[in-house]
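Remarks on the structure that follows.
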Amino acid sequence: MSQPALIGVDLGSTNIKAVAFGLGGEQLAQATTPTITHVPRPGWAEYGAEEVWTAVCSVLRQLLANLPANAVPAAVTCSSMAEAGVALDAHGQPLYPFISWFDQRTIPQAEQWARHIGEETTAKITGLGVRPVYGIFRLLWLRDNAPDLFRRTRRWLNMADYGAFRLCGATATDYSLASRMLLLDLARKEWSATLLEANGLDGSVLGELVPSGTQVGRVSSQAAAETGLPAGLPVCSGGHDHVCGAFGLGLTQVGDTFDSMGTAESLMMTTAAPQLDGSVTRRQIGQGVHVAPNRYYAMSGVQMSGGAVDWVRRLLLGAALGDAATPEGYEQLMQLAGEAPPGSGGVFFVPHLRRANPPHVNPHARGAFVGITGDSSRSHLARAVLEGVAYEYQLVLENMAEAVGVQPSKLVATGGGTRNGVWMGIKTAVSGLPITIPAVDEAVCLGAAMLAGVGSGVYASFADAAAQVQFASRTIQCDPTLHQFYRQQYEQIYKTLYGALRETNELIRKGIVGRGV
């Protein structure tokens with residue numbers, strides 16, 4: 001007997017992948033290929049539009065070749081990184097590569113926006129602060145630096161939108177990706193006439209706004225020939241990768257919190273409505289539209305989470321293991337950390353290796369070990385880093401909860417860090433909340449596939465999709481005694497460290513102290 005296969009395609013900054021799922025969320029097949037990133041000059045990062053499409057075609061062909069014989073494609077949806085966009089001419093041809101979300105060339109455009117429009121006005125419309133990362137600054141950079149190409153631009157599409165465009169010809173944008181353009185009126189869910197006018201932009205260049213999980217077309221005969229997908233297959237709108245991942249894991253109720261643990265750590269909390277008085281943005285928290293109906297989200301994070309753990313691994317074990325990040329190296333680090341007592345013998349670590357994290361606004365903050373003595377060992381340092389990252393995570397989580405007035409009701413974590421029992425035990429003890437770790441390897445693609453099922457009618461509704469998709473998980477419970485200990489350490493000591501170190505760090509930055517002779 002045949003079974004429908006729902007296909008989610010994720011266009012990420014590291015990999016482009018396609019995964020097929022059954023209606024219950026079971027993975028049927030997968031294919032992946034590295035994303036080709038071009039760095040034409042320092043601080044820049046681009047993706048060729050044709051190279052992206054070639055990669056999509058490649059993974060879809062591999063996926064279809066790996067599908068079980070009884071699996072029949074039922075619908076497809078694309079998700080992607082946010083902010084990266086591409087300009088298309090009147091014939092749908094790309095005029096310039098995708099400019100990545102981490103490309104730094106857009107700083108002048110963001111600075112001009114901040115002077116001309118201002119943080120407060122922007123926040124009250126979009127729920128976001130003025131940061132160079134947002135999609136609009138890539139379009140404005142094109143206007144300022146390639147005016148001939150800008151004049152020929154008829155559509156600006158996010159990466160997932162471009163995937164759908166190549167599949168079926170639609171030029172639509174879902175609300176979750178539109179939220180990261182810095183042009184969406186979050187309350188009205190429409191492109192902001194105020195912000196468009198302030199920048200002299202014609203709104204027709206932007207994609208038609210649609211909810212995630214909307215059928216926007218069907219696979220064309222040309223796309224069918226290139227991808228192997230059947231012509232006429234429903235193509236549905238997807239969304240921002242983080243938000244699709246949260247949806248795939250069932251995080252659609254107010255207070256549900258998604259913790260994506262990587263080099264950086266992203267925290268996303270589901271909310272019922274945005275707060276647009278500027279108070280949330282002043283706390284360095286972004287807001288946007290969820291892919292689930294009638295839901296929004298608040299998003300924040302820790303700049304160096306897994307990155308700090310990798311840094312201390314190299315610091316303490318690099319000579320023995322080399323610089324390569326291996327499972328054995330992390331196991332040795334966790335074993336080392338497990339040998340130290342809770343509190344790390346009085347050693348604290350502030351993980352500001354790139355900048356301070358919310359609620360603090362300081363790109364010049366520095367990391368620090370505090371409390372080292374002659375008795376401090378490698379084990380103390382290893383555990384102090386895990387504790388410091390957990391304290392910082394708690395600081396960010398509390399800041400977000402206070403800003404939106406919602407307490408986390410459920411914490412679900414994914415990523416490589418979830419495999420480290422010592423680290424996860426410390427995190428639950430610091431927060432006082434259990435953390436659920438789902439047995440789902442491809443949550444983003446699962447969320448995209450579920451949206452394909454909703455949009456094509458394979459699922460009767462969003463609720464039906466959530467009810468049918470099931471997966472195993474494990475929950476790490478909080479140790480009450482350890483929580484009491486860590487809470488005292490956090491409140492009485494850790495929360496004072498940023499303020500205590502701020503002036504010293506500023507002196508170091510200015511070169512008054514530590515300048516070489």
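The values are calculated or read from the model by the stated rules, or taken from the named source; none is laboratory data. The structure displayed is predicted, hence computed values, not measured ones. No Cβ is skipped: glycine too gets one built from the backbone with ideal geometry, and neighbour counts run over all protein chains shown.
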Exercise. Is it the case that some residue within the range 155-169 is touching a strand residue (DSSP E or B) at 6+ places or on another chain (Cβ under 6 Å) and either of a type in the set (D, E) or within 28 Å of R282 (Cα to Cα) (or both)?
Worked result: yes
Exercise. List the pairs whose first member sits in the range 261-289 and is within 23 Å of S212 (Cβ to Cβ), whose second member is among the hydrophobic types (A, V, I, L, M, F, W, C) and surrounded by fewer than 20 Cβ atoms within 10 Å (Cβ to Cβ), and whose Cβ atoms are under 7 Å apart, counting only residues at least 6 apart or on separate chains?
Worked result: M269/V406; T270/V254; T271/V254; T271/V406; A272/V254; P274/A187; L276/A187
For this session: Being of a type in the set (K, R) and touching a strand residue (DSSP E or B) at 6+ places or on another chain (Cβ under 8 Å) is the filter; apply it to the range 170-199 and report the residue that is nearest to W113 (Cα to Cα).
Result: R180
For this session: Could you identify the single residue in R61, R105 that is over 30 Å from I7 (Cα atoms), touching a residue at least 40 places away in the same chain (Cβ under 8 Å) and outside any strand (DSSP E or B)?
Result: R105
Seminar exercise, completed: Quick count over the range 164-176, residues being of a type outside the set (S, T, Y), out of contact with any helix residue (DSSP H, G or I) (no Cβ under 6 Å at 6 or more places or on another chain) and either outside any loop (DSSP other than H, G, I, E, B) or modelled with pLDDT under 95 (or both), is 5
For this session: For the range 437-444, indicate whether the set of residues that are touching an Asp or Glu at 6+ places or on another chain (Cβ under 9 Å) and farther than 27 Å from G338 by Cα is non-empty.
Result: yes
For this session: Restrict the check to the range 369-376 and report whether at least one residue is within 16 Å of D310 (Cβ to Cβ) and either surrounded by fewer than 22 Cβ atoms within 10 Å (Cβ to Cβ) or not polar (S, T, N, Q) (or both).
Result: no
For this session: Would you check if there is a residue in the range 197-213 being without any contact (Cβ under 8 Å) to a residue 12 or more places away in the chain, surrounded by fewer than 17 Cβ atoms within 10 Å (Cβ to Cβ) and closer than 20 Å to N294 by Cα?
Result: no
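Listed here are the residues, each with its yes/no results for (1) closer than 28 Å to R61 by Cβ; (2) touching a Cys at 6+ places or on another chain (Cβ under 9 Å); (3) assigned to a helix (DSSP H, G or I).
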site	(1), (2), (3)
E197	no, no, yes
G217	yes, yes, no
V243	yes, no, yes
A246	no, no, yes
T252	no, no, no
S260	no, no, no
T263	no, no, no
M269	no, no, no
Problem set entry | Neighbours by Cβ (under 6 Å, 6+ apart or cross-chain): first from the range 78-96, assigned by TED's automatic domain parsing to the domain that holds A164; second polar (S, T, N, Q) | M81/S13; A84/S100; G85/N158; A87/T153
